[in-house]
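To start, the structure itself, in structure tokens.
The values are calculated or read from the model by the stated rules, or taken from the named source; none is laboratory data. Please read all numbers here as calculations on a predicted model, not as lab measurements. Ideal geometry is used to build each Cβ from the backbone, glycine not excepted, and the neighbour counts take in all protein chains shown. The area values use the complete protein model at the heavy-atom level, side chains included, leaving out ligands, DNA and RNA. Shrake-Rupley method; radii C 1.70, N 1.55, O 1.52, S 1.80 Å.
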Amino acid sequence: MEPIRVVESRTAVLPRENVDTDQIIPARFLKVTDKAGLGRALFADWRYGPDGAPRADFELNQPGAEGCAVLVAGDNFGCGSSREHAPWALVDFGFRAVISTRIADIFRSNALKNGLLPIVVDAPTHARLLAAPGAPVRIDLEACTLTLPDGVVVTFPIDGFSRHCLMNGVDELGFLLARDAAITTWEEGR
Amino acid sequence: MRTLFAKVWDGHVVTPETVDTPAVLYVDLHLVHEVTSPQAFTVLRERGLRVRRPERTIATMDHSTPTLPRGADGRWPFADSQAAAQVSQLETNCAEFGIELHALGQEGQGIVHVVGPEMGATQPGMTVVCGDSHTATHGAFGALAFGIGTSEVGHVLATQCLLQRRPRTLAVNVDGRLGPGVSAKDLALAIIAKLGVGGGTGHVIEYRGPAVRGLSMEARMTLCNLSIEAGARAGMVAPDDTTFQWLAGRRKAPTGAAWDAAVATWRTLPGDPGATFDREITIDASTLEPMITFGTNPGQAIPIGGRVPDPADEADPSARGSLERALKYMGLQAGRPILGTPVDVVFIGSCTNGRLEDLREAARVLRGRTVAIRTLVVPGSQAVKRAAEAEGIDRIVRDAGAEWREPGCSMCIAMNGDRIQAGQTCVSTSNRNFEGRQGTGGRTLLASPLTAAAAAVTGCVADPRRVLER
Ligand code: SF4
């Protein structure tokens, strides 16, 4: 996965609560055996009408949302299923970070493994971001800071291990494989 | 003094968590299905890795599989070539990596969370994972069971371990007793409504109290299954005699002296008296009625005799917005009773309510009555189907005019061609009423098998207790 250190981007804002993974990528797109090109299916039923034409009223179809690498979403983003197709689709579409007041556990874990930074902020910060779609933000992963459009800097929580993996683009499998001896000892000892 | 969760967690830590690194947690049982595994096997191939413990890995196919029988030409009626390819990919992967597979039409095939327990693979005190969020189901046995993503499926295939931070604990104490016509599904929907769909985030739930002790294993599975709908990755029930009786004699359960030793160990699993949780809530089962959802997430549920909530009563603007959106999508009017809402389709099945006991409940209503609308009854597994047919449930279903199908996820996720049309309303015993879950533009009302069957025979939302009296 691509390392993340600094993300500078305008924000795309999706001010809906409890955005579930069935909305992020509907189940009919899960019949694939690879992960390429899923960005086309991102938010498919919100982005496109029954005739396949883009819906003018959907937030991410607004001209300002194009090319944004940061998604600001309502509370409890990514609830529902464990499909990793959700972060695959978001990353393929061009997102590198998702900001909300709460991010569902399995989605968060999947995002971290795919170079998509999940950021949880407090309600006042969230309200400011929701109110300013298209405004520029800066994320510094090393410093764990988010610079808001008005220049105010807030910090966000992320555990050191996840940060290390994201910053260096390393995946966890290598770390686990390196624990092979410890796993064998544990298996023999139980 | 430790909780049930703490005992299971501590017993599986290969290397402990530090400030810098998560714990390495050992996985006893890894369940695999066709939708979330192909990319994980690709990683194994790319890196030249083997499956570390094939004997701890069991695969089945359920999501993309047809629920109609083979055609006269011997072919399965797959929805499309992609679904067929996904299923055949799982066959190839299991053959190549030496994994036990319960393939389409075989005796052990079915929804992954139905077949794991019924073959006795899920046991108390185990860690169980699957690339599927409803893995929480297996917590009914006092196992720590949770859903993982496809990258993690690869981790477990290759190392039998996961990197995990210790979650917080949430006790859900259920006092009293469920009344007649009120099921574990209704209890779960009431709990989710109380916690909210994100209320359990970061937590493992333990369901406790007299009402939970009184539940059958099937009902405990229904309850734990829905933990994820409150945002909790796992839900657990401490094992007891009900658990052991259910497990005894199942194919993968221990036998003889090994069984006695296992039961002795399992009896030490329940939380110590005085062990504390990070959070606790209490709910009184005796006050509950059958529940039904009205919105587009499982937390938007009301008692069957209730009224559709009015956004105007919602003080928080963003919650008000969500409610308005949900009612618009569902085509429901604020303030109106939910009883009598017209229904187009009924679906009875899924990993939440596709077990024998669920089908028996539905059959209680369907027996001697006729369905007014399209009704699909889909057993959770081949074993459930055989057992139900041995009792004549298939006949009751067919005589009522409903469809009796082959096992699978079916209309719970609408990946296999079983789906509702845009604008249709379905009362469903599944677990997610998200927009489009049962088919693009479709509307889902979640309820128990009894309530779903009551909707089937009346063509509208109905109180099953009244329907059974008629
Ligand atoms: S029945 Fe539904 S929720 Fe359960 S595993 Fe299948 S698709 Fe998932």
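Relative to a virtual label point 7 Å from the Cα of B:Asp175 in the Cα→beta-carbon direction, which members of region B:203-232 show backbone nitrogen distances below 20 Å? Inside the label zone: B:206-215. Here region B:111-166 and region B:400-460 have alpha carbon centers that stand 26 Å from each other.
Counting only Cα atoms, region A:58-141 measures 30, 27, 26 Å along its principal axes, largest extent leading. Place +1 on the Cβ of every Lys and Arg and -1 on the Cβ of every Asp and Glu in the protein assembly as shown, take the dipole about the Cα centre, and give the residue among B:Gln424, B:Ile413, B:Tyr26 whose Cα lies farthest towards its positive end. After comparing all options, I get B:Gln424. For the protein assembly as shown, a simple Cβ point-charge model (Lys and Arg +1, Asp and Glu -1, everything else neutral) yields a dipole of about 780 debye relative to the Cα centre.
Of the residues B:Pro124, B:Pro38, B:His113, the one whose Cα sits farthest toward the positive end of the charge dipole of region B:9-143, with +1 on the Cβ of Lys and Arg and -1 on the Cβ of Asp and Glu, is B:Pro38. Between the alpha-carbon centers of region A:111-130 and region A:148-181, tell me the distance in whole angstrom. That distance is 14 Å. Taking a cut-off of 17 Å between Cα atoms, list the lysines near B:Lys194, but don't count ones fewer than 8 places away on the same chain. Partners within reach: B:Lys185. Dividing the convex hull volume of the alpha carbon atoms of region B:168-287 by its residue count gives 110 Å³ per residue.
Expressed in Å, the radius of gyration and Dmax of the Cα atoms of the protein assembly as shown are 23.6, 71. R0 = 25 Å: FRET efficiency of B:Gln421 with A:Arg40, Cβ-based, nearest 0.05? E(calc), rounded to 0.05, equals 0.55.
Each of the peptides B:152-158, B:141-147 was scored by the mean count of other Cβ atoms within 10 Å over its residues; in descending order, highest first, they stand as B:141-147, B:152-158. Taking the Cα atoms of chain B, the ratio Rg/Rh between the radius of gyration and the Kirkwood radius comes to 0.95. Take the Cβ atoms of B:Arg47 and B:Asp10, set R0 to 22 Å, and the FRET efficiency comes out at 0.10. Taking only Cα atoms and a 10 Å spring cutoff, compute GNM fluctuations for chain A and point out the largest among A:Pro124, A:Pro63, A:Pro50. With Cα springs under 10 Å in chain A, the top fluctuation among A:Pro124, A:Pro63, A:Pro50 is at A:Pro50.
Find the eigenvalues of the gyration tensor of the Cα atoms of region B:306-364, then list the square roots of 5 times those eigenvalues as equivalent ellipsoid semi-axes, largest first, in whole angstrom. Spell out each step's value before the answer.
On the way: eigenvalues 195, 39, 22 Å².
Computed over region B:306-364, the values are 31, 14, 11 Å.
Mind ranking B:161-170, B:322-331, B:75-84 by how tightly packed they are, going by the mean number of other C-beta atoms within 10 angstrom, highest first?
Working: B:161-170: 20.6, B:322-331: 17.6, B:75-84: 15.8.
So the order, starting with the most tightly packed, is B:161-170, B:322-331, B:75-84.
Interface residues of region A:27-72, defined as those losing at least 50 Å² of solvent-accessible heavy-atom surface relative to the isolated chain (probe radius 1.4 Å), are listed as A:Lys31, A:Thr33. Working from the Cα coordinates of region B:292-469, the gyration tensor eigenvalues give, after taking √(5λ), semi-axes of 29, 17, 13 Å in decreasing order.
How much length would be gained if the chain were fully extended between B:Arg395 and B:Asp260, taking 0.36 nm per residue of separation minus their Cα-Cα distance, in nm to one decimal?
Values: separation 135, 0.36 × 135 = 48.60 nm, distance 4.01 nm.
Fully extending the segment from B:Arg395 to B:Asp260 adds 44.6 nm.
Please compute the alpha carbon radius of gyration of region B:87-233, then divide it by the globular-protein estimate 2.2 N^0.38 Å. Two decimals is fine. Show your work: numbers first, answer last.
Numbers: Rg = 16.5 Å, N = 147, 2.2 N^0.38 = 14.7 Å.
In units of the globular-protein estimate, region B:87-233 measures up at 1.13.
Given their separation in residues at 0.36 nm each and the Cα-Cα distance between them, B:Asp241 and B:Arg307 gain 19.7 nm when the chain is fully extended. The lysines whose alpha-carbon is closer than 23 Å to the alpha-carbon of A:Lys31, local same-chain residues fewer than 8 away aside, are A:Lys113.
Between B:Cys460 and B:Ala85, residue separation times 0.36 nm minus the direct Cα-Cα distance comes to 131.1 nm. In order along region A:168-178, phi translates into HN-Hα couplings of 9, x, 9, 9, 6, 4, x, 4, 5, 4, 6 Hz, rounded to whole numbers, per the Karplus curve 6.51 cos²θ - 1.76 cosθ + 1.60 with θ = phi - 60° and x for Gly and Pro. For B:Leu288, nonlocal amide neighbours, meaning residues 5 or more places apart or on other chains whose placed amide H falls under 5 Å from its own, are B:Gly179. One equal scatterer on each Cα of region B:339-442, no solvent, Debye formula: the resulting log10 I(q)/I(0) at q = 0.10, 0.15, 0.21, 0.24 Å⁻¹ is -0.25, -0.56, -1.07, -1.33. Centre-to-centre separation between the Cα atoms of region B:34-83 and those of region B:327-396: 28 Å.
In the context of the full set of protein chains, residues of region B:4-164 present 29 Å² of accessible surface per residue (probe radius 1.4 Å, heavy atoms only). Per residue, the Cα convex hull of region B:4-164 amounts to 116 Å³. When Rg and Dmax are taken over the Cα atoms of region A:81-190, they come to 16.9, 58 Å. As a length-normalised measure over Cα pairs under 8 Å and 6 or more apart, the relative contact order of chain B settles at 17 percent. The magnitude of the dipole of chain B, with charges of +1 and -1 set on the Cβ of Lys/Arg and Asp/Glu and taken from the Cα centre, is near 320 debye.
When only Cα pairs below 8 angstrom with a gap of at least 6 residues are kept, chain A shows a relative contact order of 27 percent.
Would you mind telling me the antiparallel percentage of the DSSP bridges in region B:4-164, rounded to 5? Once the DSSP bridges in region B:4-164 are tallied, antiparallel ones form about 30 percent. The ellipsoid that matches the Cα gyration tensor of chain A has semi-axes, each √(5λ) in whole angstrom, of 29, 22, 14, with the longest given first. Near the amide H of A:Val13, within less than 5 Å, lie the amide hydrogens of A:Val72, A:Gly134, all on another chain or at least 5 residues away, with H placed in the peptide plane. Backbone phi angles across region A:145-154, fed through the Karplus curve with coefficients 6.51, -1.76 and 1.60 (θ = phi - 60°), yield HN-Hα couplings of 10, 10, 9, 6, x, 8, x, 5, 10, 10 Hz in residue order; Gly and Pro are listed as x.
Here's the picture: charge each Lys and Arg Cβ at +1 and each Asp and Glu Cβ at -1 in region A:6-189, and of A:Gln62, A:Gly174, A:Ile25 the one pushed furthest to the positive end of that dipole is A:Gln62. Backbone geometry of region A:49-65 corresponds, through the Karplus equation with coefficients 6.51, -1.76 and 1.60 at θ = phi - 60°, to 3J(HN,Hα) couplings of x, x, 7, x, 7, x, 7, 5, 8, 7, 3, 6, 8, 6, x, x, 7 Hz, x marking Gly and Pro.
Once backbone amide H atoms are built at 1.01 Å from N, B:Val32 has B:Ile58, B:Ala59, B:Thr60 as its partners under 5 Å, excluding neighbours fewer than 5 places away on the same chain.
Taking the average, over residues, of other Cβ atoms within 10 Å as the packing measure, peptides B:383-393, B:403-413 rank B:403-413, B:383-393 from highest down.
On association of chains A and B, roughly 4600 Å² of accessible area becomes buried (total for both chains; probe 1.4 Å). Note on chain A: with a GNM built from Cα contacts shorter than 10 Å, the maximum mean-square fluctuation among A:Glu59, A:Glu172, A:Glu84 falls on A:Glu172.
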